[in-house]
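Here is the structure we will look at, set down as structure tokens.
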Amino acid sequence: MPQNVPMKRQFTTIDGRTVMSNLPQHWGGNDWKITGVDNPLPVGNYVQTEAGVWIPQKGSDDGAADVQLTGKNVEKVLDRQITTTNRFRQVYKPIYAKGVVIIAQVFGATGTFTEGQGAGLRVTQVASTGTYHLASIFERYSTKKINEPNYSVAVVIYPGDLDYSTVYQRVDDVKHGKTALLSRLEVYLEVNGTFETDQGIDCEVLLYWIY
């Protein structure tokens, strides 16, 4: 901005003395603009790319931010393997993530299963508070159990409606928690059934961050 453009000033008389002060203002392109109700401070919602570049977030004409599920932000929470026991992993929210889609995909299952047995997702939201990081459990979401091949279940945490069909074409069961995404997630792949040697459930768990 030019160095020779004076800022807007205000002169006030206090106890018979004239006092000068600068008004709240911001640069308007060719002159200083007084900041106020009719001319608010311009703000932008920025996100950081993987290369470290800050870019403004796009929005629609009604002011709503564009929500997207991007393949670049996919994490493999639990690798694909044949398992007969529960598996667990903690995941921490990236600073700009607004929501998450967690998907458990079953590719095949061998064993004996009764009603309600198979593989399912349980996701717990946890926030750490205070100096000693006391854990507070806020929300827990559990899907149904599946033991059929090429089926998947999902847990979605996003504070509003969301079209998550771009991530997956078909999901057997979806639990959508319409709440704010907290700092830490505990992801459980719950597996039960009766398994002999070389039997189990062939599955993996993927995670998609929503920005």
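Among the residues of the stretch 108-142 satisfying the criterion of being in a strand (DSSP E or B), loosely packed, with under 15 Cβ neighbours inside 10 Å and at pLDDT 90 or above, which is nearest to the chain's Cα centre (by Cα)?
The extreme case among them is G108.
With the checklist (1) in a loop (DSSP other than H, G, I, E, B); (2) surrounded by 13 or more Cβ atoms within 10 Å (Cβ to Cβ); (3) modelled with pLDDT under 85 in hand, flag the one item G52 doesn't pass.
(2)
The values are calculated or read from the model by the stated rules, or taken from the named source; none is laboratory data. Everything numeric here is computed off the predicted structure, so don't read it as measured data. All Cβ positions, even for glycine, are placed from backbone atoms using ideal geometry, and neighbour counts span all protein chains on display.
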